[in-house]
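In what follows, a single structure is set out as structure tokens and then discussed.
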Amino acid sequence: MERIGSLIHHGEILAIKTPSGSVVGFHARSLEVAALDPEIWNSLTATTDGTANVVAATQELEDWSRSLDPRSKSGRVEHAIRSLTINVAQVCNLACTYCAAGGDGTYGSAIKKPELDRVREQLAMLLSHVPQGERFVITFLGGEPLLVPELITTIARDARLMVAGRGIELRFDVVTNGTLVTPEIAELLTSLKAHVTVSIDGAPEDHDRARLTKSGKGSSLAVLKGLNELVKVRERLHSLTAGAVFGAHNLNVVQAYEFLADYPFDSIKFDFAAEAGDEEASREYATQVAAVADLAWQRGGEHELRRLAVFNHLFHALDDQVRIENHCLAGKSHLQLDTEGRFTVCQWFVGQKKKRSAATS
Ligand code: SF4
């Protein structure tokens, strides 16, 4: 049990004391919201673990956790790989201050792009296990993947050939810093009917604090130029997402939302780059995300709230009445392939020797 101001976190349940004194519980797995007896709050906050009241209060919350609405479906994900992220370039034209890929997109590897034959072999192996009627997602990631557009084109073409006639839906995602999007690259992305995510941290003055070119200048002008090319072909892409990263260096989440909301993004995704000693920053980030929720609601109600990825997955779970039983799909339905031909369960482990498989040959 952990108390933060007027919140108590107990297992999968968040208890919130409202200014009027009532207590509301939110269950992270079933997404149920329920009024809680204020006595539960008093017991949990009064005290020392182990007293009779605390044990009773804890028991009541655990009973709630065990009771499942029979109308809801399990969201448990089977161990079957249906998504592969390929690092087509472990090199980047930018040098963002918070880059988690080794500071320069390389993840510390000297191998800047993968061997095509090996990628083909690994992709064919994964696709051979996908049954008819299912979908497989290939994400092109870097570094900056648009440094190697020819590799993206070839891998996508080969993947399409591998599933031809098998009734498998292929989806292509591209995550880019946006600076290299020319009209030709935009056409390439439309030919994949790609889901494109552009990394943009909000208004230029905020974006330019961390997203720097190799010469130390802000990259916002180049990103906005690339973004405009994508907006021109927006109808022929599958979707367009903004990916914004915040942290102690930039906590202008509300300002970022106000800037990004005017672009035709289908989705706006916020991430928080944790740095040492950033407890204050993470609290401020949470406060601003809550303010963004209010603004989005005023701007366009539920439709606009659904544009924010942080809330959209909750809406989806409610739409389909699916319990959230896997908060992360890494290694269950998703794998990552680096330029050395090694699998890891997600991008955060690329470059970490203990976390990766031996290269298959
Ligand atoms: S664009 Fe991405 S890979 Fe490139 S330096 Fe910035 S964070 Fe790293």
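Of the residues making up segment 91-125, those that are surrounded by fewer than 19 Cβ atoms within 10 Å (Cβ to Cβ), farther than 30 Å from Ala210 by Cα and either in contact with a Phe, Trp or Tyr (Cβ under 9 Å, 6 or more places away or on another chain) or not aliphatic (A, V, I, L, M) (or both) are Glu115, Asp117, Arg118, Arg120, Glu121.
Look through Ser30, Ser43, Ser22, Ser72 and report the one residue that is outside the structural domain of Ala273 (by TED's automatic domain parsing), over 25 Å from Leu318 (Cβ atoms) and either buried (at least 19 other Cβ atoms within 10 Å of the Cβ) or hydroxyl-bearing (Ser, Thr, Tyr) (or both).
On the way: Ser30 fails: over 25 Å from Leu318 (Cβ atoms); Ser22 fails: over 25 Å from Leu318 (Cβ atoms); Ser72 fails: over 25 Å from Leu318 (Cβ atoms).
Testing whether each residue is outside the structural domain of Ala273 (by TED's automatic domain parsing), over 25 Å from Leu318 (Cβ atoms) and either buried (at least 19 other Cβ atoms within 10 Å of the Cβ) or hydroxyl-bearing (Ser, Thr, Tyr) (or both) leaves just Ser43.
Residues in segment 132-145 that are near the ligand (Cβ under 9 Å from one of its atoms) and not in a loop (DSSP other than H, G, I, E, B): how many? Break it down into steps so the answer makes sense when it comes.
Of the residues in segment 132-145, the ones near the ligand (Cβ under 9 Å from one of its atoms) are 141-144.
Of the ones still in play, those that are also not in a loop (DSSP other than H, G, I, E, B) are 141.
Residues that pass the stated criteria total 1.
Taking the residues in segment 74-131 that are among the basic types (Lys, Arg) and within 19 Å of the chain's Cα centre (by Cα) as candidates, determine which candidate is nearest to the ligand (Cβ to nearest atom).
Applying the filter and picking the extreme gives Arg82.
Test of understanding: among Arg66, Arg76, Arg82, Arg71, which residue is more than 30 Å from Ala34 (Cα to Cα) and of a type in the set (D, E, K, R)? Spell out how you get there, then give the answer.
Values: Arg66 fails: more than 30 Å from Ala34 (Cα to Cα); Arg76 fails: more than 30 Å from Ala34 (Cα to Cα); Arg71 fails: more than 30 Å from Ala34 (Cα to Cα).
The unique qualifying residue is Arg82.
Listed residues Glu275, Glu258; which is closer than 14 Å to Glu205 by Cα, over 17 Å from the mean Cα position of the chain (by Cα) and surrounded by fewer than 16 Cβ atoms within 10 Å (Cβ to Cβ)? Please lay out each step first, then the result.
Values: Glu275 fails: closer than 14 Å to Glu205 by Cα.
The match here is Glu258.
Taking segment 81-128 as the range and being touching a residue at least 60 places away in the same chain (Cβ under 8 Å), more than 15 Å from Ile152 (Cα to Cα) and of a type in the set (Asp, Glu) as the test, only Glu121 passes. Here's a check for you: in segment 200-225, which residue that is in contact with a helix residue (DSSP H, G or I) (Cβ under 8 Å, 6 or more places away or on another chain) and either of a type in the set (Ser, Thr, Tyr) or modelled with pLDDT under 95 (or both) is surrounded by the fewest Cβ atoms within 10 Å (Cβ to Cβ)? Per the criteria, the residue is Thr213. For segment 277-294, residues that are modelled with pLDDT of 90 or more and on the phi > 0 side of the Ramachandran plot total 0. Scanning segment 226-243 for residues being part of a strand (DSSP E or B) and in contact with a Lys or Arg (Cβ under 8 Å, 6 or more places away or on another chain) gives a total of 4. Of all residues in segment 275-326, those satisfying the criterion of being in contact (Cβ under 8 Å) with a residue 40 or more places away in the chain and over 24 Å from Ile13 (Cα atoms) are Glu275, Leu295, Glu304, Arg307.
Okay, residues lined up against (1) free of Cβ contacts under 8 Å to residues at least 60 places away in the same chain; (2) among the hydrophobic types (A, V, I, L, M, F, W, C):
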| site | (1), (2) |
| --- | --- |
| Val137 | yes, yes |
| Gly142 | yes, no |
| Leu151 | no, yes |
| Ala156 | yes, yes |
| Ala164 | yes, yes |
| Thr176 | yes, no |
| Leu192 | yes, yes |
| Val198 | yes, yes |
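So that you can scan it fast, the table gives a plain yes or no per residue for (1) under 29 Å from Leu212 (Cβ atoms); (2) of a type in the set (D, E, K, R):
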| site | (1), (2) |
| --- | --- |
| Glu275 | yes, yes |
| Tyr285 | yes, no |
| Trp297 | no, no |
| Leu314 | no, no |
| Ile324 | no, no |
| Thr344 | yes, no |
| Trp348 | yes, no |
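The values are calculated or read from the model by the stated rules, or taken from the named source; none is laboratory data. Note that the structure is predicted; figures quoted are calculated from it, not measured. Every residue, glycine among them, receives a Cβ derived from its backbone with ideal geometry; neighbour counts consider all protein chains shown.
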